[in-house]
Amino acid sequence: ATSDPTIFIIFGGTGDLNARKLAPALYNLFLDGWMPKKFSIIGTGRTKMSDEEFRTKLLEDINQFSRSGKAEKEKWDEFIKNVYYQVSDAKDAETYKEFGKRIDAHNAEWKAKANVIYYLAVAPEFFPIITTNIAKAKLAEDKKRVRIVIEKPFGHDLESAQELNKLISSLYDDCQIYLIDHYLGKETVQNIMAFRFANSILEPIWNRNFIEHVQISVTEQLGVQDRGPYYEGSGALRDMIQNHLLQLLCFVAMEAPNSFNAEELRNRKVDVLKAMRKFTPEDVRTSAVRGQYGPGWIQGEEVPGYRQETKVDPNSNTETFAAIKFFVDNWRWHGVPFYVRTGKRMHQSASTITIQFKDVPHLVFPAEATDSWQQNRLIISIQPEMSIRLQVQAKRPGIDMVLNTVDMVFDYKGTYTNEAPEAYETLLLDTMAGDQTLFMRGDQVEAAWDLIMPILKTWEGKKSLSFPNYSADSWGPEVAEALIARDGFHWFTLP
Ligand code: BG6
């Protein structure tokens, strides 16, 4: 945390991300006493709006989306007097002069130099123009105090990501650049590091000698909703795997860092991405599968197929599901498959990491005594359940020697009484404190693009003839089952 006076300038101030995530996060940080005494939040966008109108909108948003529920009048009044709105045109130099004036006015009033955080919660085509204009207006000269936060998607492919990186690094110091992947802010995701690197019992078995394979699964019940135009140009591979799922994979596969330091940690994660096996066209055919949802029923409600969603091409080739088998070619992971999958309109919303350990070398019990041939499994459940389970074999009480699988469970609900903050609270607090540990670095983003490019290219170049190939409320297309079943495994799901 920091006590430095801070000014947030949020581009896309009237947008969805601010409404659902950023404003509620800032408000909850305020409620929990994390905001500096002197702060100001300036929402900005093309829509004309007065401070009053903006404040009323945010109150509605917070009442709807904040984890703390409806705002209490007294606290709200205290918070909202620090919030302003400025209409802006990202292309117009005048806009940035206005920001400069506002910053100067705050500094004069506070008799201090505030940290200034520019948050780009806008469509990616605006990243170059806004970052350039902030720098041109000389608003980013103070390397220690000025930071710039960029939302995903960072690039559309390797080339565009490289271009954007080049531009931004020519305008800002690395220490000013904060690339967000909100999965890194999730409580349970951060805990993977604590779990792996603060416990000595795991390290000896965390490798190819003991681990058979790893599964990373992020399934959602939601469809694309009103995000058709964005999603049509994206698909599951870009939207989820290039960023969130590969980041989870990095946490599982990385070597122990020497210290909990931003550069150190990010170096270890880049090492993983660089060790990952690049796909040949033949690998894409055998190790990557895609799907698109058709219509169906979810929780008693009839839902349209992807091609029937608003502003989606009725012949769309965009994948809403992807499953890929990766390898990390280094000593620790040689030969251990990492299966990742993600999809929309799936049977369950659940993000889990499953570590499947190898079987005992020789089973002393008769086959009929065991109910499972996979004896030990570690399941890190990220959401909605927040838990870590170790599955072991145990003797069922009774005269006979009969074994079954039981869970040793660490469950957040039963262990802690305090509510976990939302990912964006953690990440916004880190931007205020100048801590980049939980942010992506440009080279990391590029390495992730580099890895998935062969898959992207193959899929884009070849129309899937079988779309839609899974119905809403299912576990995805059959090809995804086949992908893992071929190796003798199956996708694990929590009951
Ligand atoms: C976003 C994707 O980055 O992550 C969405 O663009 C997806 O398509 C979302 O729904 C999932 O995030 P969470 O926090 O709900 O798991």
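Quick notes
- The residue pairs whose first member lies in the stretch 215-235 and is β-branched (Val, Ile, Thr), whose second member is part of a loop (DSSP other than H, G, I, E, B) and away from the ligand (no atom under 12 Å from the Cβ), and whose beta carbons are closer than 6 Å, counting only pairs six or more residues apart or on different chains, are 219/348; 224/309.
- Meets criteria (among the polar types (S, T, N, Q) and within 27 Å of residue 182 (Cα to Cα)) for residue 458: no
- Scanning the stretch 270-301 for residues that are over 29 Å from residue 485 (Cα atoms) and either β-branched (Val, Ile, Thr) or modelled with pLDDT of 95 or more (or both), we see that the one that is farthest from the chain's Cα centre (by Cα) is 271.
- Test: residue 302 is in a strand (DSSP E or B), acidic (Asp, Glu) and away from the ligand (no atom under 15 Å from the Cβ): yes
- Of the helices (runs of 4 or more DSSP H) contained entirely in the stretch 160-254, those carrying at least 1 residues that are touching a Lys or Arg at 6+ places or on another chain (Cβ under 6 Å), within 13 Å of the ligand (Cβ to nearest atom) and small (Gly, Ala, Ser) fall at 228-232.
- Scanning the stretch 26-49 for residues that are within 19 Å of residue 97 (Cα to Cα) and surrounded by fewer than 17 Cβ atoms within 10 Å (Cβ to Cβ) turns up 46, 47, 48.
- Test: residue in the stretch 84-105 that is in contact (Cβ under 8 Å) with a residue 12 or more places away in the chain, farther than 28 Å from residue 128 by Cβ and either under 30 Å from the mean Cα position of the chain (by Cα) or surrounded by 13 or more Cβ atoms within 10 Å (Cβ to Cβ) (or both): no
- Exactly one residue out of 460, 419 is of a type outside the set (Gly, Ala, Ser), under 30 Å from residue 19 (Cβ atoms) and exposed (fewer than 15 other Cβ atoms within 10 Å of the Cβ), and it is 419.
- For the stretch 392-410, the set of residues classified as of a type in the set (D, E, K, R) and assigned to a strand (DSSP E or B) consists of 395, 407, listed by residue number.
- Among helices (runs of 4 or more DSSP H) entirely within the stretch 57-157, having at least 1 residues that are more than 16 Å from the ligand (Cβ to nearest atom), touching a Ser or Thr at 6+ places or on another chain (Cβ under 8 Å) and among the charged types (D, E, K, R) singles out 93-110.
- The stretch 119-158: number of residues that are of a type in the set (Ser, Thr, Tyr) and surrounded by fewer than 19 Cβ atoms within 10 Å (Cβ to Cβ): 1
- Only listed residue being touching a Cys at 6+ places or on another chain (Cβ under 6 Å) and either outside any helix (DSSP H, G or I) or of a type in the set (D, E, K, R) (or both), chosen from 269, 274: 269
- Enumeration of residues in the stretch 344-372 that are of a type in the set (Gly, Ala, Ser) and more than 16 Å from the ligand (Cβ to nearest atom): 367, 369, 372
- Checking 316, 351 one by one, the residue that is farther than 19 Å from residue 464 by Cα and either at pLDDT 95 or above or part of a strand (DSSP E or B) (or both) is 351 and no other.
- Check on residue 348, touching a strand residue (DSSP E or B) at 6+ places or on another chain (Cβ under 8 Å) and buried (at least 18 other Cβ atoms within 10 Å of the Cβ): no
- Pick from the stretch 159-195, criterion touching a residue at least 12 places away in the same chain (Cβ under 8 Å) and surrounded by fewer than 16 Cβ atoms within 10 Å (Cβ to Cβ), ranking: nearest to residue 424 (Cα to Cα): 175
- Residues that are of a type in the set (A, V, I, L, M, F, W, C), touching a strand residue (DSSP E or B) at 6+ places or on another chain (Cβ under 7 Å) and under 20 Å from residue 175 (Cα atoms) within the stretch 396-442 comprise 432, 439, 440, listed in sequence order.
The values are calculated or read from the model by the stated rules, or taken from the named source; none is laboratory data. Model, not experiment: these values are computed from the prediction. Every residue, glycine as well, gets a Cβ built from its backbone with ideal geometry; the counts of neighbours run over all protein chains shown.
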